[in-house]
Amino acid sequence: MRLLAAALGVAALGVGLAAILSGGAGDADGGRSATATGGPVTVLIDGRHPGKRVPQRFIGLSFEVAALPQFSAFADRGNVVSLLRSLGPGVLRFGGVSADTQVAWTDAATPRPAWATRVLDSRDLRRLGRIASRSGWNVLLTVGLAHYEPIAAAREVAAARAALGAHLAAIEIGNEPDAYGQHQFRSSSWTFAGYDAEVASYRRAIASAVPGVRFDGPGVSGSQIFVTWGAGEALTQRPAVLTGHHYPLGCHQTPAPSIERLLSIATRKLEGQSLGRFMSVSRSRGIPFRLDEVNSVSCGGTAGISNTFASTLWATGYLAEAMAAGVSGINLQGNPVNCRGYSPLCAPTPRLLASGVLHPQPEWYALLLARSLVGARPLPTTTRAIGSPNVVVQAFKTAGGRPRLVIVDDEPLGAPAVVLHLRVGRSYRWARVLSLRAPTPSASTGVTLGGRAVARDGSWHSTPPATPLVRRRGAITLKVPASSAALVTLLQAPAS
């Protein structure tokens, strides 16, 4: 194997890194790695220019507002609080299309409108406040805009502030408002200008009732529309955080969504371009950006894709790449009553739902792995290859200064393991490897992280032993099997 060295001067890590991946396979799984040749892939990691630290509340979950009453009932039973605690501090977002089409606020001064099929009241918010307080998570709440009711929205936000206190992260006004014309909520001529005027009215009403409340937005449907709507939002509304949504696959696309497409190099390339559009607006306007609704396939997900280990591999790579791009947080979208679509958490039976016992789905394990990267600083990581083995590699520097790598091998099951060679300082002689595995990419059960599954009470613990590194010609060697991922921490001593 050809080993390419690079003088990268990673003084902060004590590492001069030049990494090579090899072991790609042919097209053994429906075209997922058609350009892989098995040739070497050079991975260059620049330790001299680390990015900003991954924010404390990077990790998040997103649910429909319609699910809020049911979810809030878990405050007094079940394992939701324990599950949230296992990820550290995060952000719960309640939004989705139901915020505009189904759910209305109601209280003594606000009767239920004729269009609403469900209502939200102060009791639901008080219960949600108990979940937030006990778990340490904050809440991003969407108020409906499609039915123009700024006074009702102001009353809802006042109740949310009273119930959640400091755990109310921010308010969003409307869900994917860029699509209102498409869905007949507004005329076909609906543009940002119309949205901007209505949001300004909402914000005045809300700020009058709840001084000091934070606003995020615009929560649009994708990065292409964000280029104009996000820039306009930043200029006229100056939100605390810019927000947008992302789904790599559409439910009505042709060809139809598949595991092969989800894990393809082409999809990952498009996602990189999408992240670039989001972050170009964020950086130019000096406002943080959060992906507040993200998952694998739109329209609630696709069974056999969204509820499988393939979604775990996709989410692991995407979370790492979003961190490296400078995104301030990600909320994986879910549905606690649908275990066949996308959902990091769900109840597989009505009895378990009634008792508040949710089961972690495969994607949950991607969040558990990502938890270990909170507080770390991403390092610019690039790959060069003859051919394109289907692999994601992203390096980080922990708060303690240790090198840490996320490696996702999306090659099909049965392909040779990816072999990672790192030319590092001689002081790094050990590694702690947290492996993320399942029987197959299409498996919906049997997922483990560090050899362990999440316990029934929602807890998860795994401390893999430090293992000595194999060193050849000044480089250390690591292997990651096909259709798996790993979080690798380099150590100077086995007890570190």
Peptides 363-370, 164-171, 404-411, 61-68 ordered by average Cβ neighbours within 10 Å, highest first: 404-411, 363-370, 61-68, 164-171
Spatial separation of Cα centroids for segment 453-496 and segment 66-133, in angstrom: 38
Proportion of all alpha-carbon pairs of segment 124-259 beyond 25 Å (%): 33
Contact order relative to length of the chain, as percent, for alpha carbon pairs under 8 angstrom and 6 or more apart: 19
Isotropic mean projected area of the C-alpha convex hull, the chain (nm²): 22.3
Per-residue [θ]222 nm for the chain (sum of -39500 (n - 2.57) over DSSP H runs n ≥ 4, rounded to 500): -8500 deg cm²/dmol
Unit charges on C-beta of K, R, D, E only; dipole of the chain, Debye: 2000
Highest average packing first - 395-402, 218-225, Cβ atoms within 10 Å: 218-225, 395-402
Part-to-part distance (alpha-carbon centres) for segment 218-242 and segment 296-316, which is given in Å: 27
All aspartates and glutamates inside 16 Å of K397 as judged from Cα atoms, apart from same-chain residues fewer than 8 positions distant: D46, E321
Listed residue (P89, Y195, W314) projecting farthest to the positive dipole end of the chain, Cβ model: P89
Principal-axis tilt of helix 309-325 within the chain, Cα atoms, nearest 10 degrees: 90
Selection from P257, P218, A169 lying farthest towards where the dipole of segment 59-371 points positive, charges on Cβ: A169
By average C-beta atoms within 10 angstrom, highest first, the peptides 275-285, 327-337: 327-337, 275-285
Charge-dipole axis of the chain as Lys and Arg at +1 and Asp and Glu at -1 on Cβ define it, positive-most pick from S62, A132, A153: A132
Trypsin sites (Lys or Arg not before Pro) restricted to DSSP loop in segment 187-269 with at most 13 other C-beta within 10 Å: R214
Between segment 272-294 and segment 373-445, the alpha-carbon center distance in angstrom: 24
Degrees, to the nearest 10: 122-135 long Cα axis against longest axis of the chain: 20
Pairwise FRET efficiency - A399 versus R471, Cβ, R0 = 25 Å, nearest 0.05: 0.40
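Taken together, the values in this text are just the output of simple stated rules run on the coordinates, not laboratory data. Computed from a predicted structure; not experimentally measured. Cβ coordinates were reconstructed from backbone atoms using ideal geometry, including for glycine residues, and neighbour counts include every protein chain displayed.
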